[in-house]
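The values are calculated or read from the model by the stated rules, or taken from the named source; none is laboratory data. Everything quoted here is computed from the prediction, not taken from an experiment. So basically every Cβ, Gly included, is an ideal-geometry build from the backbone, and we count neighbours across all protein chains shown.
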Amino acid sequence: MADTEAYLEALPDAVVVVDADGTVAYANAAAERLARAGRDELAGQPLDSVLPLRDEAGSLWWACSARLRRLPGVRGVPLRELTLWAAGRSMPVDLSATFVRGADAAVVQAVCVLRDASARRRADANRGELISTLAHELRSPLTSVKGFTSTLLHRWDRFGDEQKRHMLTTINADADRVTRLIGELLDISRIEAGRLELQRQMIEVPRIARGVIGRFEQLHDGHAFRLSFPPDFPEVYADRDKVEQVLTNLVENAVKYSQGGTVAVRGEVTGDAVEVAVTDEGIGIPPDQVPLIFTKFYRRGGHGAPTGTGLGLFITRGLVEAHGGRVWARSEVDRGTEVRFRLPRGGLELAGIE
Ligand code: ADP
């Protein structure tokens, strides 16, 4: 029996045994933490005053569940979300209870298990927010696709070639935007579920960076592009496509958030890791917002530059961290930004295998 009580005390969930008259017969340590009460402060006190659990209507749970307890067939409460008021603060908790009945079927005691539900409620709220942001992000390009296609279908003869070309170009760009958004969402769901699969091999980061820069050079002649890697820059054990995706995101941002100037990709070797920095001479980011740029859907508006989906850097961080690396940024408003990532070199050579 002593052992059983030790187990109850060690349980992460709060356990409270309540007598038929509503007073607490036993409370484990987790229950005392939940109630913000000291050792043995709960036993002997009315549940509704030491652990006031209220339903949506604000009624106290023990008092208003009296009818339920009087119904002989009811064995307990499967799971209910209630609000606990303790030390002047409210907290969502999940309650489940079993009613212990005597020979006459009257409730002798109720064994209640309580669990802090704040984390779950926050996750639910985040999910809801994500869905509404997504719905909005998908709707705006689709509205233009739908609007222009139906205009073209109904009034084909009334438009000149130039106008039709303009509408089709917009449709084409918006369809690309939807496709890209869906691709990014798939990346995110893989990152968040920890299902990102890395195809690691020894890769040459300078070569990948040269390829990325080459593509941007052709499209953006208003910018100068520089590439510098030391000659002894080692091969890195990493996923080629993911590293290319990271570099593409960073160079794309550097170009997008600057009106010309130089975009540089520089590599450095630091012990058992390598670092790659992408710098620009663009609009920069105010210091208090720098940590936010790696969060989901964060976009900083109001600077005239067209922003994207706000997912690029979130994905970049996920991809780098999946390699055991890290990404961070330094920036000065109107001077420019440096986004830098570090990757462990890894690989057989470092593990001491020839
Ligand atoms: P987006 O699709 O909007 O570019 P990102 O996740 O790539 O989304 O970036 C998030 C935000 O961070 C951008 O909207 C922008 O405000 C800011 N940002 C990212 N890179 C830079 C940069 N090189 N210079 C200035 N601001 C940047």
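Note on segment 100-111: residues that are closer than 18 Å to ASP13 by Cβ and touching a helix residue (DSSP H, G or I) at 6+ places or on another chain (Cβ under 8 Å) total 1. For segment 306-330, a tally of residues being small (Gly, Ala, Ser), modelled with pLDDT under 90 and surrounded by fewer than 15 Cβ atoms within 10 Å (Cβ to Cβ) returns 0. Quick one: is ILE293 at pLDDT 90 or above, buried (at least 21 other Cβ atoms within 10 Å of the Cβ), near the ligand (Cβ under 6 Å from one of its atoms) and not in a loop (DSSP other than H, G, I, E, B)? Considered against the rule, which asks whether it is at pLDDT 90 or above, buried (at least 21 other Cβ atoms within 10 Å of the Cβ), near the ligand (Cβ under 6 Å from one of its atoms) and not in a loop (DSSP other than H, G, I, E, B), ILE293 comes out as yes. Pairing each residue of segment 165-194 that is on the phi > 0 side of the Ramachandran plot with any residue that is of a type outside the set (S, T, N, Q), provided the two are 6+ apart or on different chains, yields C-beta distances under 9 Å for GLY194/ALA322. Take the residues of segment 331-347 that are within 21 Å of GLY260 (Cβ to Cβ) and not hydroxyl-bearing (Ser, Thr, Tyr): which is surrounded by the fewest Cβ atoms within 10 Å (Cβ to Cβ)? Here the residue is ASP334. The residue that is modelled with the lowest pLDDT, counting only those in segment 185-230 that are of a type in the set (A, V, I, L, M) and touching a strand residue (DSSP E or B) at 6+ places or on another chain (Cβ under 7 Å), is LEU198. Looking at segment 56-66, can you tell me whether even one residue there is within 30 Å of GLU192 (Cα to Cα) and hydroxyl-bearing (Ser, Thr, Tyr)? No, segment 56-66 contains no residue that is within 30 Å of GLU192 (Cα to Cα) and hydroxyl-bearing (Ser, Thr, Tyr).
Could you tell me whether segment 204-218 includes any residue that is within 28 Å of the chain's Cα centre (by Cα) and among the acidic types (Asp, Glu)? No, that holds for no residue. Flag: LEU138 does not match the condition of being among the aliphatic types (A, V, I, L, M), without any contact (Cβ under 8 Å) to a residue 60 or more places away in the chain, surrounded by 14 or more Cβ atoms within 10 Å (Cβ to Cβ) and not in a helix (DSSP H, G or I).
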